[in-house]
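The block underneath contains the structure these notes are about, expressed in C-alpha cells.
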Amino acid sequence: MKHLIIYAHPHKESLNRSILETTVNTLKKNGHEVVVRDLYALNFQPVLKAEDTSAMRAGETPIDIKTEQEYITQADVITFIYPIWWAGLPAILKGYVDRVLSYGFAYAYGEAGIMRMLSGKKGLIINTHGSPKEHYDESGMTGSLKITSDIGIFEFVGIEPVDHLFFGSVGSLNEEAYKGMLKEVEEKIDSLFKQQAFAK
C-alpha cells in the first residue's frame, strides 16, 4: 500500500517527530511505501488567496497545490500527525486543508448532493496535546475533535477514518511515558496496516 503522511510540527526534537519516525519505520517494516510531506520543512504557504481559487476555476491549479494533490491521488492511506493548538489544527495544516482539499479535487456538489471524490482511501490521525487526556475526554473536546477532523475533513471528502489517536499531558511526563506512547503508535500501525490489510 502507498501511505502519505502529512506532518505539521515546527520542532525537530519533539514527540511528534518521534511519532512520525515510529510510524514511518513501522509501515516500512510491514512492506508499505511511505511518502512524508513535512509542511514546515517544505515552507508550505498556507493562505488560500483569491488568485488560487481563480486559477483553479480556470483549470490552472497552482503548482504547489497540484503537487500535493498528486501525492494524495497516489495514496491509499493518508495520515495526519500534528499537535492540537487552540483546540484545532496548526495554521499551516489548516491552510493545507483549505488549499489542497479543494472543490473539484476532493469534493464537489451534484444533483445527488455532495460528491466525495477521495472515496476508497483510508485516513488516520495522530494528535498530541498538553492537557491531560482525561480532561479532553470529560470536557467533550476529544469527541469534538473527532467530529471536526474525522467527519468534517476526512469523511466529507470520502476518506474513511480508521482511527484517531490522542496523547495528552505532553511536556509534563517522564521518559517511560513517552516510550509507552510510541509503543502504542507502533502497535496501532501494526494492527491497522499489516501487509494484507485493506488489500485492493
Taking region 145-194 on its own, how many of its residues are in contact with a Ser or Thr (Cβ under 7 Å, 6 or more places away or on another chain) and among the aromatic types (Phe, Trp, Tyr)?
2
I'd like to verify a number: residues in region 123-155 that are surrounded by 14 or more Cβ atoms within 10 Å (Cβ to Cβ), over 18 Å from residue 96 (Cα atoms) and touching a Pro at 6+ places or on another chain (Cβ under 9 Å), how many?
3
Can you tell which of 60, 68 is surrounded by fewer than 14 Cβ atoms within 10 Å (Cβ to Cβ) and among the acidic types (Asp, Glu)?
60
Just name the residue that is nearest to residue 24 (Cα to Cα) out of those in region 46-87 that are hydroxyl-bearing (Ser, Thr, Tyr) and out of contact with any helix residue (DSSP H, G or I) (no Cβ under 6 Å at 6 or more places or on another chain).
79
Looking only at residues that are touching a residue at least 60 places away in the same chain (Cβ under 8 Å) and exposed (fewer than 15 other Cβ atoms within 10 Å of the Cβ) in region 71-107, which one is farthest from residue 150 (Cα to Cα)?
74
Examine region 99-118 for a residue that is at pLDDT 95 or above, part of a helix (DSSP H, G or I) and either touching a helix residue (DSSP H, G or I) at 6+ places or on another chain (Cβ under 9 Å) or among the charged types (D, E, K, R) (or both), and state whether such a residue exists.
yes
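The values are calculated or read from the model by the stated rules, or taken from the named source; none is laboratory data. Worth saying up front: this structure is predicted, and the values here are computed from it rather than measured. We place every Cβ from the backbone using ideal geometry, glycine too, and count neighbours over all the protein chains shown.
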